[in-house]
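Here is the structure we will look at, set down as structure tokens.
The values are calculated or read from the model by the stated rules, or taken from the named source; none is laboratory data. Fair warning: this is a prediction, and the values are worked out from it, not measured in the lab. All Cβ positions, even for glycine, are placed from backbone atoms using ideal geometry, and neighbour counts span all protein chains on display. Just so you know, the surface numbers come from the protein's heavy atoms only, side chains and all, with ligands and any DNA or RNA stripped out. Shrake-Rupley method; radii C 1.70, N 1.55, O 1.52, S 1.80 Å.
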Amino acid sequence: MSNYKYTVWFSMLTIPLGFLAIFVGGGGHGTYFPLLAIFPFSLLGTFFNEEVPLFIGIIQLPVYGFLMDKLGTKKALPVIIAIHVIGMYTVFMLKRDYFSS
């Protein structure tokens, strides 16, 4: 299991970060900025399909960890950051009025 240390760490971080993002959202009365910044692909899914985003949000960080484990951090981290920033930019550009931050 030590071969997948980033996968395990990112899997363990997914739940607390998800709860934090939902807590800050305040049931619709707070800000969605942390959700947009941490889980951009789950919100990107809401623009196209209303049923898949939770699954995408749950597997996003473990997939990042898996890529870091398999490709090495020096190769994978710049690619992951670039993909994440592109996802964030796309969500910020497509966000609906009720996702005000």
Count of the range 19-30 residues which are surrounded by fewer than 19 Cβ atoms within 10 Å (Cβ to Cβ) and either at pLDDT 80 or above or touching a Phe, Trp or Tyr at 6+ places or on another chain (Cβ under 7 Å) (or both): 6
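Residues of the range 39-71 being at pLDDT 90 or above and either more than 17 Å from Thr7 (Cβ to Cβ) or open to solvent by less than 40 Å² (accessible area, probe 1.4 Å) (or both), which ones?
As a first pass, look at the range 39-71 and keep what is at pLDDT 90 or above: 59-71.
Listed by number, the residues that qualify are Gln60, Leu61, Pro62, Tyr64, Gly65, Met68, Asp69.
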Inter-residue pairs, beta-carbon under 9 Å, first at positive phi and in the range 58-84, second small (Gly, Ala, Ser) and open to solvent by 70 Å² or more (accessible area, probe 1.4 Å), 6+ apart: none
Residue pairs meeting the criteria (Cβ under 6 Å; at least 6 apart or on separate chains; first more than 13 Å from Phe39 (Cα to Cα), in the range 1-20; second of a type in the set (A, V, I, L, M, F, W, C) and in a helix (DSSP H, G or I)): Tyr6/Met68; Thr7/Phe66
